[in-house]
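The structure under discussion appears below in the form of structure tokens.
The values are calculated or read from the model by the stated rules, or taken from the named source; none is laboratory data. Only a predicted model underlies this, so the values are computations on that prediction, with no experimental measurement involved. Because the Cβ atoms are built from the backbone with ideal geometry, glycine has one as well, and the counts that use them run over all protein chains shown.
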Amino acid sequence: MKIHRVLSALVVVLLAALFIVSTSSTALAQSTQQQTEVKEDETNLDTQLYLIVATNQAVGDEKLPASLDGVVKQLRTTLPFKNYRLAATLINRVKNEGRLDLSWIGGPLASAVGSSSPVTPSFSQFKVRMVKLTKNSAGEPVVQMLGFNFGARIPIQVGAVAVNGVALPTNYEPTGLATDISIREGEPVIVGTLNVGPSGDAIILVVSAKRTSR
């Protein structure tokens with residue numbers, strides 16, 4: 001009889017232990033699933049990179065997008081250039097905490113002075129190691145761009161002026177900027193300026209980013 005009671009007690013203990021293990025495993029699985037769901041953030045951001053060329057050449061002042069009105073006002077206050085033109089607009093979508101990497105061939109980013117040679121292209125690259133939604137110290141939403149990197153190879157013509165349509169020798173000189181920045185969501189900001197070419201032109205980098213609506 002005593003043996004029967006002991007066996008019954010052992011069975012109860014084993015069942016209780018199995019219940020505890022099963023409950024713990026279920027809780028752990030739910031916790032792991034929740035962590036996975038947090039990591040799998042499907043939020044996307046639209047990023048815009050604007051390349052503005054500032055020059056003192058008589059090229060005419062182009063009408064820039066209305067979204068850059070605040071930027072243009074700031075430029076006219078702080079930089080001594082007569083004219084501004086939009087050389088490129090790059091719009092890309094990137095996942096929150098994702099990366100961005102693109103390269104392209106475009107027109108000259110500096111004014112050709114005293115030359116009748118054919119237009120030579122420029123080669124540019126734009127990289128961001130991580131685009132991340134976060135909040136600043138005031139609790140306001142901001143977009144971090146970690147490892148922001150812009151680089152370009154600018155064609156610089158050397159030698160005398162071309163004669164009889166013969167193109168001038170051209171050297172490609174590198175220029176670029178690398179930084180980490182935080183910007184307010186949806187607000188274009190000036191990241192930096194790069195002086196290029198013997199004409200004294202400057203490339204102005206403007207960037208903005210905001211969450212996509214869908």
Practice item. Just give me the residues in region 195-214 being assigned to a strand (DSSP E or B) and crowded, with 18+ Cβ neighbours inside 10 Å, in sequence order. Key: Val196, Asp201, Ala202, Ile203, Ile204, Leu205, Val206, Val207, Ser208, Ala209
Exercise for review: State all residues of region 69-106 that are outside any helix (DSSP H, G or I) and among the aliphatic types (A, V, I, L, M); if no residue qualifies, say none.
Suggested key: Leu79, Leu86, Ala87, Ala88, Leu90, Ile91, Val94, Leu100, Leu102, Ile105
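Filter region 71-111 down to residues that are aliphatic (A, V, I, L, M), touching a residue at least 40 places away in the same chain (Cβ under 8 Å) and over 22 Å from Val143 (Cα atoms), then give me how many there are. Working first, answer last.
Residues of region 71-111 aliphatic (A, V, I, L, M): 71-72, 75, 79, 86-88, 90-91, 94, 100, 102, 105, 109-110.
If we keep only those that are touching a residue at least 40 places away in the same chain (Cβ under 8 Å) too, we end up with 71, 75, 79, 87, 90-91, 94, 100, 109-110.
Going one step further and asking which of them are over 22 Å from Val143 (Cα atoms), we end up with 75, 79, 87, 109-110.
Of the residues in that region, 5 qualify.
Taking Thr78 as the residue in question, decide whether it is within 28 Å of Leu146 (Cα to Cα) and either surrounded by fewer than 15 Cβ atoms within 10 Å (Cβ to Cβ) or modelled with pLDDT under 90 (or both).
Values: within 28 Å of Leu146 (Cα to Cα): yes; either surrounded by fewer than 15 Cβ atoms within 10 Å (Cβ to Cβ) or modelled with pLDDT under 90 (or both): yes.
Yes: the conditions hold for Thr78.
On the given criteria, is Gly192 within 13 Å of Ser122 (Cβ to Cβ), modelled with pLDDT of 85 or more and in a strand (DSSP E or B)?
On the way: within 13 Å of Ser122 (Cβ to Cβ): no; modelled with pLDDT of 85 or more: yes; in a strand (DSSP E or B): yes.
Answer is no for this residue.
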Review point. When only residues in region 157-182 that are in a strand (DSSP E or B) and buried (at least 18 other Cβ atoms within 10 Å of the Cβ) count, which is modelled with the highest pLDDT?
Key: Thr175
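Yes or no: Thr89 at pLDDT 90 or above and closer than 25 Å to Ala58 by Cα? Please lay out each step first, then the result.
Details: at pLDDT 90 or above: yes; closer than 25 Å to Ala58 by Cα: yes.
Answer is yes for this residue.
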